Amino acid sequence: MPHIVRLPVEHEQILATLQVFFSRILQQTQVDAMLAPVHLPMKHVVMPSLVADPGKMTGADPLSPSFPMNSAKLVSRLTRRSGRGRFAVVLRPCEIRAFVELVKLKQGRMDKVFIIGLDCLGAFSNTAYSKFAGECGRDATTRFCNHVLFGGRDALDGFDLASACRCCEHFVPHGADLHIQLYGGNVRKEILIRCESDQGSAMADALKLEEAADPQDRAMVVNDLLNVRKAARDRMYANTATVVDSIEKLTRYLADCVNCFNCRVACPVCYCRECVFMTDVFDHDPDRYLGWAERKGMVKMPTDTVFYHLTRMAHMSTACVGCGQCTNACPNDIPVVELFRLVAHRTQVAFDYPAGKDVGDRPPLAEFRESEYTEVVGL
Amino acid sequence: MKDFEPTVIAFVCNWCTYTAADLAGTSRLAYPPNVRLIRVMCTGMVDPQYVIKALLEGADGVLVSGCHPGDCHYINGNYKARRRIKLLKTILPQFGIEPERLCLTWIGASDGIHFAETMRKLVERLTVLGPGETKLKMVI
Ligand code: SF4
Ligand code: SF4
Ligand code: FES
């Protein structure tokens, strides 16, 4: 432990191999149902779905570039309260990291869930994906998968990865029980799966999977991609930092915001049932609006846009995993993920706290020490 | 800007700094009138949101002040406050809000002199720094 097992792939059918693997898990192990991305029957759209019938796994598609939401919130729903079910969940690395944060915040439990993580191939934005799927139909996933693994790093026919994915260095999952490796080796012939926990190894045994060894080129392939992503990330940090470095610039960055709060609804780590910005505290009386308008000459409505974003940063920047769902959800195409990831990066450096890494870490604002941060005290 | 008078919002804990402010008053210690005191039960209840709101509404500086470490009447509220100030001092300067505009101090109940002196120093510092950008520019 950890050991590596293999799934032989026939006729280069990578996706079909994984579908069969998932249905075998439902048939041959203690798992009652599996949360996985599945093609809905009524439209070319992939949605996280809880599958109990192994026969339904023919629609499973963990490789598609569709990423309509961060499923960490769904896993939280499946585990927060107790029930009879034992679930397996198929997650992207950023979904695992977000779930780890939610578990720390007591919004979910690890003990009831078996996590299957995949090397992440990245995703398109929602709008790009629906266009891509519309153009490619049934072949969408295969084309994408072949392009990422065997093609190149350029955009595929004008479709590029979402901005969050282009600068994501966490494409290898951590914290999964089983880790499906896609980078390195030749997934057209065999898919290697790394067992990263005791229950992962037990599952591999139960399924009688054959032992294998890591492909020799994996470390190199992963490292190359890591370097590309880190370079993109650092460029993004530098660019974003200069376009928000004053209040005037920040307000320009957010000028299209209409306070719809979609970014917080989509955010997996913004877990409050009732966000203060949606309460009566911000349901101001007409006279307050008039007072502000009179004092300042004019006031944009709805008010409190920058206030909302700065407060959200104070709440989520310790936990942001950079999944990009905020940008995906913004109706006005504000590149919020760049801003939030930059701020989150700095917060997480300040508290020496990598979000989503270890379920045993305590969130920075949930603890304190007697002698620390003395530099912030005093004039 | 000539004759610039900074506005300071100070969140002071009921048990220590507020009492010190009271003592400064009854001892007739002079300190600048630029400071708006907001009495809170403990620095541990100062939500980062309050600080952000004050700064966005045009405060030139914000002070959070409470009991010395070990003296908090709610045992550890001031340690929690310190982490929140650390957080805000990490976030806000990225948007050009100088870290010097946000201060955290411990001022004990019997320390009226220290209170008056802190207020003088803070106002002096903010006068040199000039008005905050939120006072000059439209904030949405
Ligand atoms: S702020 Fe955006 S990138 Fe960060 S976790 Fe939330 S949705 Fe994902
Ligand atoms: S989703 Fe976009 S428009 Fe809506 S609150 Fe967030 S930034 Fe503003
Ligand atoms: S009671 Fe004074 S800081 Fe907590």
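The values are calculated or read from the model by the stated rules, or taken from the named source; none is laboratory data. Since the structure is predicted, the reported quantities are computational estimates derived from the model, not experimental observations. In this analysis, Cβ positions are derived from the backbone assuming ideal geometry, glycine residues included, and neighbour counts consider all displayed protein chains. What goes into the accessible areas is simple: the full protein's heavy atoms, side chains included, and nothing from ligands, DNA or RNA. Shrake-Rupley method; radii C 1.70, N 1.55, O 1.52, S 1.80 Å.
Here are the numbers for the structure shown:
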quantity	calculated
Calculated P(r) tail over 31 Å for chain A, as whole % of Cα pairs	40
Dipole magnitude of the protein assembly as shown about its Cα centre (Cβ charges: Lys, Arg +1; Asp, Glu -1), debye to nearest 20	560
R0 of 35 Å, Cβ-Cβ distance residue A:213-residue A:272: FRET efficiency to nearest 0.05	0.15
Mean residue ellipticity (222 nm) of the protein assembly as shown, computed from DSSP H runs ≥ 4 via -39,500 (n - 2.57), nearest 500	-12000 deg cm²/dmol
Values of log10 I(q)/I(0), in the order q = 0.11, 0.15, 0.21 Å⁻¹, for the range A:239-377 under a Debye, Cα-only, solvent-free model	-0.49, -0.86, -1.35
Lys pairs, chain B - Cα-Cα below 23 angstrom, 8 or more residues apart or on other chains	14
For the range B:44-140, size of Cβ-based charge dipole, Lys and Arg +1, Asp and Glu -1, in debye	280
Spatial separation of Cα centroids for the range A:151-197 and the range A:18-46, in angstrom	19
Under 19 Å from the Cα of residue A:73 - lysines, other chains or at least 8 residues apart	A:104, A:106, A:112, A:357
Of the chymotrypsin sites (Phe, Trp or Tyr not before Pro) in the range A:283-365, those whose Cβ has at most 16 other Cβ within 10 Å and which sit in DSSP loop	none
Accessible area (Å², per residue) of the range A:239-377, counting only protein heavy atoms and a probe of 1.4 Å	48
Theoretical gain in end-to-end length, residue A:366 to residue A:255 [0.36 nm per residue, Cα-Cα removed]	36.7 nm
Accessible area buried between chains A and B, both sides summed, probe 1.4 Å, in Å² to nearest 100	3900
Using alpha carbons only: equivalent-ellipsoid semi-axes of the range A:82-238, gyration tensor based, whole Å	27, 20, 17
Karplus-derived 3J(HN,Hα), 6.51/-1.76/1.60, for each residue of the range B:106-123, Hz, glycine and proline x	10, 10, x, 4, 8, 9, x, 5, 4, 4, 4, 5, 4, 4, 4, 5, 5, 5
FRET efficiency, 1/(1 + (r/R0)^6) with R0 22 Å, evaluated for residue A:241 and residue A:296 via beta carbons	0.20
Taking only Cα atoms of the range B:8-139, radius of gyration then Dmax in Å	14.2, 42
Modelled FRET efficiency - R0 45 Å, residue A:357 with residue B:38, Cβ distances, 0.05 increments	0.75
Most mobile listed residue (A:235, A:252, A:295) in chain A, GNM with C-alpha springs under 10 Å	A:295
C-alpha center-to-center spacing [the range A:63-124, the range A:337-354] in angstrom	22
